[in-house]
Structures are given as structure tokens and as C-alpha cells.
Amino acid sequence: MPALPRSTPATPGQRLLYEHAWLYTLAVLFVALVPRLFVAVAWSKEPVWDGHYYHFGAERIADGFGYSEDVIIGGHKVAKPWVHYPVGYSGMLGVLYKVFGSGLLVAPIVNALLGALLVVVVHRLARVYLSERRAQAAAILAALHPGLIAYSPVVMTEPLAGLLIVAAFLAALRFSRWWGPAIFGILLGLATLVRPSSLLCLPLLLLTLKFDWFGMAKQFGVALVCCLLPVLPWTLRNCKVMDGCALVSTNGGWNLAIGAFTEDGRFRTLRADDGCKIVTGQVQQDRCWAEIGKKRIADDPLGWLAKAPKKLAQTYNHESFAIEYLHEADPSAWPEQRRRAGRELLTLFHRLLMIGAALSVVAMAGYRPRAGKAYLTQTLLLLTIAGISAYGFADDDHPFYLLALIPPILALARLPGRPEQGPAGACLLGWLLLTSLTHAVFFGDDRYHLVVTPALCILAAAALRQPAAREPAPGLEASKAVAT
């Protein structure tokens, strides 16, 4: 199947942009890579927090011990299989550590390369969704995003998971009837090994398919099988060497319990007194915490639901994780003034990006006598988003996270005068909605929005387009024309 049909460029300048799009992709790759490599080398230190465990797991894999930790049994050191954290990121680093060694610069340089590659995929996916100029804007936003740049020396999973999911969407939209779902499934399977909640994106494939129940079922089946191909061997390994079966990792029940116990919406350490006092293995421990979490939710479901706004606020209201990680790794390099300035810069850019992404579902509708309803609707939406944004900026405790919920909801509402989204826009909005639902159930932290930041960059570039030229035809393949 050829690439999705695009509107024919109308002017010589537009045709030049279209014909030389790969040159722009290469140029923006360089723009993205230089600052990422700089901070990767300049700011790299001993990994901390979860990064310590990802680095440790990668070293164990590189040294031939597998994903494990040492325990003392009968006075002898024995490798005990480990599965609490997802294996994907450590597995990738482990292979590279085997080749290049496990020096502290290896993971940050790999992260810088992955971050630059992410910008390339953002540009190519944006071209399916938007005009050439808007696709270029999306790529620049991703290339110069200070939070993504600062994440290069941070040994964490979010950029890799985001890259794999964006690449999966691109594959589904650009490749043939069977190749698209197959590559989508494989990439999503790899993303699941990095970040298990990525598996929730599997149904989004349906948004890219022609509306035909039988054909959709077959292609979805292909994607499901291909998604399981990278995951199933790891699951079988867990069933064999652990104290029970685990699909990818054993932190799902743990995270559910944290989400049930948390008071401020973010992570808190679970202790034996919280309910799981005697456990003999990681799988049993995770199942115990899952039961504790479900019981606590069942005892007070309304109280648990009432925590969702706090969890979403922790996820979307600010961006500071990269700075705090770097401060933890090297406090002397991040005195309080520099630390505060870094947090404020990242938060400001993130909030502006959120405003732009919210405007992706609002059209710049000029007044026409026969389109008064559409003009009024879109003007009211613009004013509403402006009001929410101003209120959010007024105080850090205000609900800025509402800007993450608005775009998917408004896209589903199909209001008069709306801009066209097409399959690519639908996938990005669906991904944003799934991320919000996931952290409303579990718990929030600002690093979790880094996964969908590539989607936010593309959606921000889609802000305030023209209204859809016509009502889309019925079906999931409503329109594959490029939005202007």
C-alpha cells in the first residue's frame, strides 16, 4: 500500500517543501542531536532513583547473569532472577554495555541518540497529519523541547517508550495492509517490555484501518500476534524462574496499591504495615499488593475517585523530574537558584505546549453568514481554553491538567466547525486519553507525561487550523487528507 494520500502542494514553495522533506528531517536530526549530546556528556553522573536499578539490571545482563540480583544462600553468592522493573530498557542497555562497557557515559549518549531519532519520527508522523510547515514546527518543538533535552543524561525509560509508540503509529499509517499492523504490533510489543502500560495502545490500531469488520478483525489479530512475539518469551521466562507468572514486571499491583494509599496523588513508599507483611517472592508480593489496593478501593470507591484530580495534577501541572534527578545525582552542580530556574524553564515550556495541544481541536474559524454556529462554537472553545490557561498560570495548585483532558473529549464531541483530525490525530489524542486514564487509576508524577510529550508537540503544531472542509464520510477511515 502506498503512503497515505496527501493534498497536492499548491504553490512552488509548498512543492519545494514537499519534495525536500527528507532534507529537513536530516537537518532537524542534527539540531536535536547537538544539545542532547552536550548535556549527556556534561551532566552525566551515577544513576539515581529508578535509574540505579535500570543501570544495575543492564550491568547484570552484560555480565552474563541475566536480569537478576545477588543473594547469599548457604554462605554463597547466588544470582536470583529479578522482575520487579520492566526489562526492556535494561535489556537494550545490557547489549550495548556488552559491546561498549558500562561506563557512565554510555546510557546518556544512547539516550541522546534515541532522543534525536524521536524527533525524526515526530517529523515523519506529523507529515501524515499536517501540512509541511506544521510538520516542521512539530519537529522543531520536539528538537528544542528543554525537558526532552534535559532527559538525555537521565537513565529512565520514558523517551524510549515514547519513541517506540510514535514509531508504531507511523508504521500503521504508512505501510501496507498487512505490513502496517505487523510492524505496529512488533514495535508496541517492544514498548510493552519497556513500559507495560504501552500495551493499552493496541486498540488504537483500529483508528488507522478501513471500516470493515472482518478486515479489521484480521489485521488486529495480526497486530496482536506480532505484539506478543517479543513479550511472550519474557513471560515464559518469568513463569519458569519466578515464583509465579508475570507478563512483564511485578510492579502493577504495587502501583495500584500506591494509587489507593496516596494522599497527594504521587508516589509513596509502601511498607509491611500497609498490608503485605509476609511474602516469599516478587510475584507473590505484587499479587498481595494488588489485592490490598483493590480492597482499599472497594472500601472507599468515592474517596479513591476523588484522588484522580490530584494524580492528574501531579502528572501534568508541572515538569521538574529531570532537574530533580540531576540534582540528586550531583547536588553541587545544581545549587538552589539554578535548580529552581531549571524547574521553572521546563514547566513554562511544558505548559505552553499543553495550551498548544489543547488548541489542536479548536479551529480558527472566520465568521461567515452561513457558518455562524461553527464560528460561535469555536470562538467559545478558544475563550474557554484561554481562561483555563490563565487560571492555571495564576497558581501552581490550579487545575492545569484539564488541558490534557480537553482535546480527546472535544474530538469525541464532534462540535460544529471542528478541524479535521484523521487517523493520525485520532491516534495521538487516544494515546493522550489513555495516559490520563492510566495515571488517574494508579498515581501521578510529572515524568509520566514525558512519554506523550512527542504527541503534545505534534498536537501543538496542529493548533488553530481551518475547519474541516466537509463532514467526514462514515467509518473509521473518515479522512486521510492533510490538514492545513
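Does residue 293 qualify as being surrounded by fewer than 17 Cβ atoms within 10 Å (Cβ to Cβ) and either more than 19 Å from the chain's Cα centre (by Cα) or closer than 21 Å to residue 149 by Cβ (or both)?
Against the criterion (surrounded by fewer than 17 Cβ atoms within 10 Å (Cβ to Cβ) and either more than 19 Å from the chain's Cα centre (by Cα) or closer than 21 Å to residue 149 by Cβ (or both)), residue 293 does not qualify.
Is there any pair linking a residue in the range 122-136 that is in contact (Cβ under 8 Å) with a residue 60 or more places away in the chain to one that is part of a loop (DSSP other than H, G, I, E, B) and of a type outside the set (Asp, Glu), with Cβ under 7 Å and at least six apart or on different chains, and which?
128/4; 129/462; 130/462; 130/482; 131/482; 131/484; 134/462
Filter the range 244-278 for residues that are among the small types (Gly, Ala, Ser) and in a loop (DSSP other than H, G, I, E, B); which is farthest from residue 190 (Cα to Cα)?
Residue satisfying both the conditions and the ranking: 275.
Cβ-Cβ below 8 Å, separation at least six or inter-chain, first residue in the range 44-67 and at pLDDT 95 or above, second in a loop (DSSP other than H, G, I, E, B) and among the charged types (D, E, K, R): which pairs?
Pairs that qualify, where the first residue is at pLDDT 95 or above and the partner is in a loop (DSSP other than H, G, I, E, B) and among the charged types (D, E, K, R), are 45/330; 52/46.
Quick grid of which residues meet (1) surrounded by fewer than 24 Cβ atoms within 10 Å (Cβ to Cβ); (2) modelled with pLDDT under 95:
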site: 413; (1), (2): yes, yes
site: 424; (1), (2): no, no
site: 447; (1), (2): yes, no
site: 455; (1), (2): no, no
site: 461; (1), (2): no, no
site: 469; (1), (2): yes, yes
site: 480; (1), (2): yes, yes
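Check the range 279-287 and report whether any residue there is farther than 23 Å from residue 447 by Cβ, hydroxyl-bearing (Ser, Thr, Tyr) and not in a loop (DSSP other than H, G, I, E, B).
No, the range 279-287 has no match at all.
Filter the range 301-320 for residues that are touching a helix residue (DSSP H, G or I) at 6+ places or on another chain (Cβ under 9 Å), buried (at least 20 other Cβ atoms within 10 Å of the Cβ) and closer than 15 Å to residue 433 by Cα and give the result.
Listed by number, the residues that qualify are 311, 312, 315, 316.
Considering the range 236-255 alone, what residues qualify as being surrounded by fewer than 16 Cβ atoms within 10 Å (Cβ to Cβ) and either of a type outside the set (A, V, I, L, M) or under 18 Å from residue 171 (Cα atoms) (or both)?
Once the filter is applied, which keeps residues that are surrounded by fewer than 16 Cβ atoms within 10 Å (Cβ to Cβ) and either of a type outside the set (A, V, I, L, M) or under 18 Å from residue 171 (Cα atoms) (or both), the range 236-255 yields 239, 240, 244, 245.
Which condition number does residue 326 fail, the rest of (1) out of contact with any Ser or Thr (no Cβ under 7 Å at 6 or more places or on another chain); (2) over 28 Å from residue 247 (Cβ atoms); (3) part of a loop (DSSP other than H, G, I, E, B) being met?
Among (1) out of contact with any Ser or Thr (no Cβ under 7 Å at 6 or more places or on another chain); (2) over 28 Å from residue 247 (Cβ atoms); (3) part of a loop (DSSP other than H, G, I, E, B), the lone unmet condition for residue 326 is (3).
Which one of the conditions (1) without any contact (Cβ under 8 Å) to a residue 24 or more places away in the chain; (2) hydrophobic (A, V, I, L, M, F, W, C); (3) farther than 26 Å from residue 53 by Cα does residue 334 fail to meet, given that it meets all the rest?
Only one criterion in (1) without any contact (Cβ under 8 Å) to a residue 24 or more places away in the chain; (2) hydrophobic (A, V, I, L, M, F, W, C); (3) farther than 26 Å from residue 53 by Cα is unmet by residue 334, namely (3).
The values are calculated or read from the model by the stated rules, or taken from the named source; none is laboratory data. These figures come from a predicted structure and were not determined experimentally. Here the Cβ is made from the backbone with ideal geometry for all residues, glycine too, and neighbour counts use every protein chain on show.
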